[in-house]
């Protein structure tokens, strides 16, 4: 995952002469994944050797990056799906949402929206660290605070996961409908436009498979903190929840595949980078 995202970031910065809306969304997705992957070695080491995180600053930063990446990735994938739909409908790029300036504004608003969603979590983490004498770094589902944790988690599941997935499904339907209309109008025109439909459908399926178990078990894990759950039940739920976490965050390894499938001129850009380093 790291090499693929690193190549994308460097390639777009140094090799891309003319940026289009799709490139801006892909670049933002790659930056988000790259920042997350930089925190992964420490997280992996702690989990592998069952070492607690002793630095409160690293605890907050890692959890912040982890959750921002989780929800920004699917949001940028929705924006890429929107971009593919608009490009099929307006091949001459005469729609204002296909302009680079519009894409920059939408990207900025997307980063802002994700940070607003995650802000309560950071506040909860600080309170939890303070209660634990700044020596206890706990995951999302184990936090305790002054707000309703289950309500916050359900709200985050709705706004950060379910609505974007519905967006992916909606754009898949719109692209499919548009291709059928074009196929009836011009028999041979849809040959080069069927790939975006497959890519968007694949993105929707991947996020459903990776994200659904995590969000379901996270909410169940938080709900199990109540008195209704016995000790054995809590242990089973915690074990299942722990298994879903690496599955959810494996999207950062899979996302580079979409750079090849969705990125305009990306393969040519990659070829240029390879030639540059061989010289």
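Couple of notes before you dig in:
- 0 to 90° range, to nearest 10: angle between helix 21-48 axis and the chain longest Cα axis: 30
- In the chain, the longest principal axis of the Cα atoms and the axis of helix 194-223 are about 10 degrees apart.
- Label point 7 Å beyond Cα of residue 61 along Cβ direction - residues of the range 128-165 with amide nitrogen under 20 Å: 128-130, 134-140
- On Cα atoms only, tilt of 2-15 relative to the major axis of the chain in degrees: 40
- Protection proxy ranking of 76-89, 128-141, 59-72, by the mean of other Cβ atoms within 10 Å over each peptide's residues and highest first, is 76-89, 59-72, 128-141.
- Of 157, 39, 233, the one that fluctuates the most in a GNM where the chain has Cα springs shorter than 10 Å: 233
- Cα centroid separation - the range 197-247 against the range 86-158, whole Å: 18
- Difference of contour (0.36 nm per residue) and Cα-Cα distance, residue 134 to residue 46: 30.0 nm
Rule-based calculations on the coordinates, nothing more; no lab input. Model, not experiment: these values are computed from the prediction. Because the Cβ atoms are built from the backbone with ideal geometry, glycine has one as well, and the counts that use them run over all protein chains shown.
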